[in-house]
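For reference, the structure is listed below as structure tokens.
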Amino acid sequence: MIVDSYRFLPRSFRPYYEGRGPFHGETEQVWAPFEKRLNEAKIALLTSAGVFMRESQQPFDVEREQSHPEWGDPSWRAIPAGAGPQDVGVTHLHLNTADIQADPEIALPNHLLSQLAAEGVIGAAAEGHFAVMGYQDRHLNDWREKTAPEIVAALRDEQADGLILAPA
Amino acid sequence: MPVLARWIERAGIPTVVVTMMPAVAEERRAPRIVGVEFPFGHPFGVAGDKVMQRRVLELALRVLAGAGAFGTRVDFDLEWPVPLREAYHAWQPAEPSPIVRKLIEARRGSNA
């Protein structure tokens with residue numbers, strides 16, 4: 001079965017995604033071999049759903065996006081492995097966020113991943129996962145220069161062996 | 001998001017992208033891809049359906065750990081359990097996003 005990548009996309013949006021080719025300067029193959037066994041590996045998650053910790057973090061800046069429609073907040077949030085639906089908020093102007101708010105695991109399955117670690121399917125779940133807000137300006141300069149290096153540094157601190165990214 | 005995966009992979013950390021638009025992730029040259037034919041906002045499935053979410057997560061782990069080469073794509077073989085018309089409307093925000101509003105206004109302007 002081959003997934004229809006445009007099944008749920010409004011037809012008028014399709015030209016913004018289809019046939020655009022690689023991102024500028026990002027054509028060559030990049031490959032980091034996964035060398036451990038899964039049951040010895042530490043795994044982290046990343047969502048672009050705009051999830052944040054209600055008590056301790058600022059929401060993503062959707063106020064500025066309202067006045068600057070081509071801009072999206074390029075920052076990131078660390079989401080602790082134990083965070084539950086009552087702990088997280090969701091800011092994303094391009095989605096109905098009700099289902100993510102009700103069950104954040106559909107975007108960031110941190111409890112399921114911890115369960116797989118407890119069962120020995122994976123070695124460990126990262127202590128901290130990652131959230132960004134997926135709507136970004138098309139040049140991605142802030143993501144390239146700041147967000148990506150910071151996430152890489154955090155993954156190295158965790159000694160994570162792999163990352164599952166889920167665009168919202 | 002596929003570009004973010006590339007930057008992280010380039011730093012030496014293996015990645016897999018779980019996405020509703022696997023064709024776009026391929027064009028953007030993500031190293032490992034799991035395709036899901038789910039509405040936006042639901043990469044791991046239906047809210048509350050832990051069996052479905054676990055199946056997607058396990059597939060992502062298998063592709064992350066077991067893909068043999070750059071560009072590996074595996075699609076998840078499950079149809080969204082809500083009729084298309086209903087699911088198509090349900091994922092969209094109540095108000096158009098700022099950029100969509102701007103595009104609609106521009107189109108109106110050019111038609112005037």
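Nothing in this text is a laboratory measurement; each read-out follows from the coordinates by a stated rule. Here the structure is a predicted model, which means the values were calculated and not measured. When we count neighbours, we look across all protein chains shown, and the Cβ atoms used for this are built from the backbone with ideal geometry, even at glycine.
Counts of other chain beta carbons within 10 angstrom of each beta carbon in peptide B:63-72 average 4. Projected label points at A:ARG11 and B:GLU95, each 7 Å from Cα along the beta carbon direction, are separated by 2.9 nanometres. Relative to the Cα centre, the charge distribution of the protein assembly as shown, modelled as +1 at Lys and Arg Cβ and -1 at Asp and Glu Cβ, gives a dipole magnitude of about 600 debye. Contact order, relative form, for region A:61-143: 43 percent (alpha carbon pairs under 8 Å, 6 or more residues apart, mean separation divided by residue count). The charge dipole of chain A, taken about the Cα centre with unit charges on the Cβ atoms of Lys, Arg (+1) and Asp, Glu (-1), comes to about 360 debye, rounded to the nearest 20. What residue among A:GLN58, A:GLN86, A:GLN29 has the largest mean-square fluctuation in a Gaussian network model of chain A, using Cα springs under 10 Å? Among A:GLN58, A:GLN86, A:GLN29, the largest GNM mean-square fluctuation belongs to A:GLN29.
Put the Cα centre of region A:23-64 next to the Cα centre of region B:38-76 and the gap is 15 Å. Each Cα pair under 8 Å and six or more residues apart adds its sequence gap; the mean of these over the residue count of chain A is a relative contact order of 35 percent.
Quick one: compute the contact order of region B:1-76, relative version, from alpha carbon pairs under 8 angstrom and 6+ residues apart, as a percent. This gives 32 percent for region B:1-76. By the rule of a C-alpha distance below 28 Å, with chain neighbours fewer than 8 residues away ignored, the lysines paired with B:LYS50 are A:LYS36, A:LYS42. Mean residue ellipticity at 222 nm, helices only, the protein assembly as shown: -8500 deg cm²/dmol; runs of at least 4 DSSP H residues each add -39,500 (n - 2.57), and the sum is divided by the number of residues. The alpha carbon centroids of region A:73-99 and region B:9-28 are separated by 21 Å. Mind checking region B:34-112 for chymotrypsin sites (Phe, Trp or Tyr not before Pro) that DSSP puts in a loop (not H, G, I, E or B) and that have at most 14 other Cβ atoms within 10 Å? Filter output for region B:34-112: B:PHE70.
Note on chain B: Cα-only Rg and Dmax are 17.1, 56 Å.
Taking A:GLU28, A:GLU158, A:GLU119 as the candidate residues, the one with maximal mean-square fluctuation in a Gaussian network model of chain A, Cα springs under 10 Å, is A:GLU28. Other residues with beta-carbon under 11 Å from the beta-carbon of A:ALA125 carry, at +1 per Lys or Arg and -1 per Asp or Glu, a net charge of -1. Pairwise Cα separations in the protein assembly as shown fall into 5 Å bins from 0 onward with the following percentages, short to long: 1, 6, 13, 18, 20, 19, 13, 7, 2, 1, 0, 0, 0.
Dipole check for chain B: with +1 at the C-beta of Lys and Arg, -1 at the C-beta of Asp and Glu, and the Cα centre as origin, the magnitude is about 380 Debye. Take the Cα of A:ARG138, step 7 Å toward its Cβ, do the same at A:GLU55, and the gap between the two points is 4.3 nm.
Peptide A:101-114 is shielded by partner chain Cβ atoms: per residue, an average of 5 of them sit within 10 Å of its Cβ.
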